[in-house]
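Student: Before I ask anything, let me first share the structure, which is written out below as structure tokens.
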Ligand code: MN
């Protein structure tokens, strides 16, 4: 069975470690990037099945990184879920306008996020049940 590969782009070390541990425990393969530029580079190199994109990031923010990935034919098909600390409708709209496929707010509600991840992953991949 294909193990789904998720790239977490998040500059906060605590959030990054916690989220990656929880996803690994659920059977996902996880890669990490700590700024938007590294996120674009790693997504281009690794072709993950899905990207979890913090929006507030150093070097290149999550909106720009998302636009870069969605503009490149190699990475345009990779689903991106935006994560922001602000649960405001305007943030959601801004993330979707940048090309994100879904949106969730931090702190992460894991069951809710896992549902969104599963919905966007190709059906043959994902957690083992
Ligand atoms: Mn951040």
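Values in this text are rule-based calculations from the coordinates and carry no lab data. Please read all numbers here as calculations on a predicted model, not as lab measurements. Reconstructed Cβ throughout: ideal geometry from the backbone, glycine too, with neighbour counts over all protein chains shown.
Student: Who wins for biggest fluctuation among 73, 107, 48 in a Gaussian network model of the chain, springs between alpha carbons below 10 Å?
Tutor: Greatest mean-square fluctuation among the candidates belongs to 73.
Student: Relative contact order, percent, of segment 5-119 when contacts are C-alpha pairs under 8 Å separated by at least 6 residues? Intermediate values should be presented prior to the final figure.
Tutor: Numbers: 190 pairs, mean separation 25.1, N = 115.
Relative contact order, segment 5-119: 22 percent.
Student: Which residues among segment 14-32 fall inside the zone where the amide N is under 11 Å from a point 7 Å beyond the Cα of residue 110, along Cα→Cβ?
Tutor: Hits in segment 14-32 for residue 110 at 11 Å: 18-27.
Student: Have a look at 21, 112, 92 and tell me which one the Gaussian network model of the chain (Cα, springs below 10 Å) gives the largest fluctuation.
Tutor: Among 21, 112, 92, the largest mean-square fluctuation in the Gaussian network model of the chain belongs to 112.
Student: Same structure, new question: In vacuo Debye scattering of segment 5-119, one point per C-alpha: log10 I(q)/I(0) at q = 0.10, 0.15, 0.20 Å⁻¹?
Tutor: So the normalised log intensities work out to -0.23, -0.55, -1.04.
Student: Would you calculate the separation in nanometres between label points at residue 2 and residue 85, each defined as 7 Å from the Cα along the Cα-to-beta-carbon direction?
Tutor: 3.6 nm
Student: What length, rounded to one decimal in nm, is gained on full extension from residue 47 through to residue 59, with 0.36 nm per residue of separation minus their alpha-carbon distance? Please list the in-between numbers first.
Tutor: Details: separation 12, 0.36 × 12 = 4.32 nm, distance 2.11 nm.
Full extension from residue 47 to residue 59 adds 2.2 nm.
Student: Compare 98, 82, 72 in a GNM of the chain, Cα atoms joined below 10 Å, and give the one with the largest fluctuation.
Tutor: It is 72.
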